[in-house]
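Have a look at the structure below, then the notes.
The values are calculated or read from the model by the stated rules, or taken from the named source; none is laboratory data. What you see is a predicted model; the values in this text were computed from it and never measured. Don't worry about glycine lacking a Cβ; one is built from the backbone with ideal geometry, like all the others, and counts go over all protein chains shown.
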Amino acid sequence: MVQKVLEVEKLKVGINDDGRKIAIVNGISFTLEKGETLGIVGESGCGKSMTSLSLMGLLPPGVEWLEGDIQTHDLHFKKFNKQDWRKVRGKRIAMIFQEPMSSLNPVYTIGKQIMEMILSHEHVSKQQARDRALEMLKLVGIPRPEQVLDEYPYQLSGGMRQRVMIAIALSCNPEILIADEPTTALDVTIQAQILELMKKLQEQLHMSIVLITHDLGVVAEMCNRVIVMYAGEIVEEAKVVDLFDETKHPYTKGLLASLPDIADEKEYLSSIPGIVPAPENMPSGCRFAPRCPNVHQRCMEAPPLFDVKGSKVKCWLYEHGDSEVVM
Ligand SMILES: Nc1ncnc2c1ncn2[C@@H]1O[C@H](COP(=O)(O)OP(=O)(O)OP(=O)(O)O)[C@@H](O)[C@H]1O
Ligand SMILES: [Mg+2]
């Protein structure tokens with residue numbers, strides 16, 4: 001039986017502009033299962049980070065939770081106050097960010113930063129926290145871990161800093177790890193090593209991962225399921241194999257077509273014309289219609305999410321046949 005560790009229900013976050021609510025994430029729903037890696041992909045500005053920050057209660061100033069709920073086991077995030085978030089963050093759900101240098105505190109040693117996370121959630125002595133910090137550095141494959149405990153972030157390479165971020169994130173054994181573009185700031189070899197490490201740790205610690213990336217290659221390598229976001233909405237959700245073998249949404253097809261194809265001698269790169277619309281300027285029908293090669297009259301109206309043989313797709317092309325409206 002599949003165990004759900006996270007349920008996002010019709011989540012809407014956005015800005016309140018003089019009483020006019022402008023959604024940045026517009027009513028998305030998805031679940032995360034125990035032990036799986038769920039990918040979230042989409043172009044820049046689609047709302048991937050806003051979604052991940054909602055999961056951590058870390059929305060930037062000015063951005064509000066407008067509607068919907070997020071649930072993990074018996075906890076409803078909608079009702080959370082600051083203190084509730086502090087208890088959950090790091091302990092049940094932890095996050096790693098794109099740029100480890102800006103998320104680590106430059107004036108504290110690596111050891112102190114890992115210990116701080118442990119001491120904020122668990123009743124252990126400083127010595128026990130330090131021992132655990134050392135254990136964590138070993139777990140994430142940091143060479144000379146004893147020395148590194150007393151070093152500062154600037155003394156480490158980018159790849160090592162990202163390992164430290166992972167060590168901090170995992171130090172309280174969270175059930176869910178959110179990784180927002182965890183490897184985009186790193187060069188390709190280091191990227192592969194960090195992804196490999198995440199995979200290994202996931203198996204070892206049985207955690208569930210939400211992996212946000214704009215790289216479909218990373219999705220193919222790492223994920224079980226994937227959500228494609230466009231303009232604050234989910235436009236396709238599928239098992240990774242289905243996403244690549246039976247791509248449905250014209251937007252996803254566009255994303256795949258813009259991947260560099262090594263086998264193709266011409267190295268032809270197509271890209272989707274136009275840009276993602278801004279939250280305050282959304283088209284009233286299908287949000288992708290102005291850029292869509294398959295646009296037709298029906299698209300003046302926003303499509304629902306259709307269930308097509310186990311995948312979900314928000315596109316009128318799937319209105320007929322054996323599809324079923326799910327939302
Ligand atoms: N602090 C903010 N206040 C208001 N709007 C914001 C704020 N931060 C981001 N936005 C807007 O929210 C939308 C979604 O942004 P988000 O950062 O979630 O995109 P993303 O998919 O993570 O993009 P990227 O791939 O570039 O990281 C964008 O239109 C962005 O301009
Ligand atoms: Mg982002």
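Do we find a residue being within 16 Å of ligand 2 (Cβ to nearest atom) and in contact (Cβ under 8 Å) with a residue 60 or more places away in the chain anywhere in the range 70-93? No: the range 70-93 contains no residue that is within 16 Å of ligand 2 (Cβ to nearest atom) and in contact (Cβ under 8 Å) with a residue 60 or more places away in the chain.
Evaluating Asp69 against the criteria (1) surrounded by fewer than 17 Cβ atoms within 10 Å (Cβ to Cβ); (2) under 22 Å from Ile166 (Cβ atoms) leaves one unmet condition, (2). Considering every residue within the range 271-280, establish whether at least one is within 16 Å of ligand 2 (Cβ to nearest atom) and either closer than 30 Å to Ala167 by Cβ or crowded, with 22+ Cβ neighbours inside 10 Å (or both). No, the range 271-280 contains no residue that is within 16 Å of ligand 2 (Cβ to nearest atom) and either closer than 30 Å to Ala167 by Cβ or crowded, with 22+ Cβ neighbours inside 10 Å (or both). Which one of these is outside any loop (DSSP other than H, G, I, E, B) and within 16 Å of ligand 1 (Cβ to nearest atom): Ile190, Ile178? When all the criteria are applied, what remains is Ile178. If you take the residues in the range 173-193 that are within 16 Å of ligand 2 (Cβ to nearest atom) and under 17 Å from Met136 (Cβ atoms), which one is farthest from the chain's Cα centre (by Cα)? Filtering first and then ranking leaves Pro182.
Helices (runs of 4 or more DSSP H) fully within the range 12-114 that include at least 3 residues being outside the structural domain of Glu135 (by TED's automatic domain parsing), within 16 Å of ligand 1 (Cβ to nearest atom) and of a type in the set (A, V, I, L, M, F, W, C): 48-56. Restricting attention to the range 177-211, the residues being β-branched (Val, Ile, Thr) and crowded, with 20+ Cβ neighbours inside 10 Å number 5. Residues in the range 133-148 that are touching a residue at least 24 places away in the same chain (Cβ under 8 Å) and surrounded by fewer than 19 Cβ atoms within 10 Å (Cβ to Cβ): Gly141 alone. Scanning the range 216-243 for residues that are more than 24 Å from Ser49 (Cβ to Cβ) and either among the hydrophobic types (A, V, I, L, M, F, W, C) or within 15 Å of the chain's Cα centre (by Cα) (or both) yields a single hit, Val241. In the range 235-254 there is at least one residue matching the filter, namely being part of a helix (DSSP H, G or I), among the polar types (S, T, N, Q) and crowded, with 21+ Cβ neighbours inside 10 Å.
Hey, any hits in the range 15-22 for a residue that's more than 22 Å from Met282 (Cα to Cα) and not polar (S, T, N, Q)? Even if it seems obvious, please write down each step before you answer.
Kept after step one, since they are more than 22 Å from Met282 (Cα to Cα), are these residues of the range 15-22: none.
No: the range 15-22 contains no residue that is more than 22 Å from Met282 (Cα to Cα) and not polar (S, T, N, Q).
Report yes if some residue within the range 45-56 is of a type in the set (Lys, Arg), within 16 Å of the chain's Cα centre (by Cα) and surrounded by 18 or more Cβ atoms within 10 Å (Cβ to Cβ); otherwise report no. Yes - at least one qualifying residue is present in the range 45-56. Residues in the range 12-52 that are within 16 Å of ligand 2 (Cβ to nearest atom), closer than 19 Å to Ala179 by Cα and in contact with a Ser or Thr (Cβ under 7 Å, 6 or more places away or on another chain): Val25, Ile28, Gly39, Ile40, Val41.
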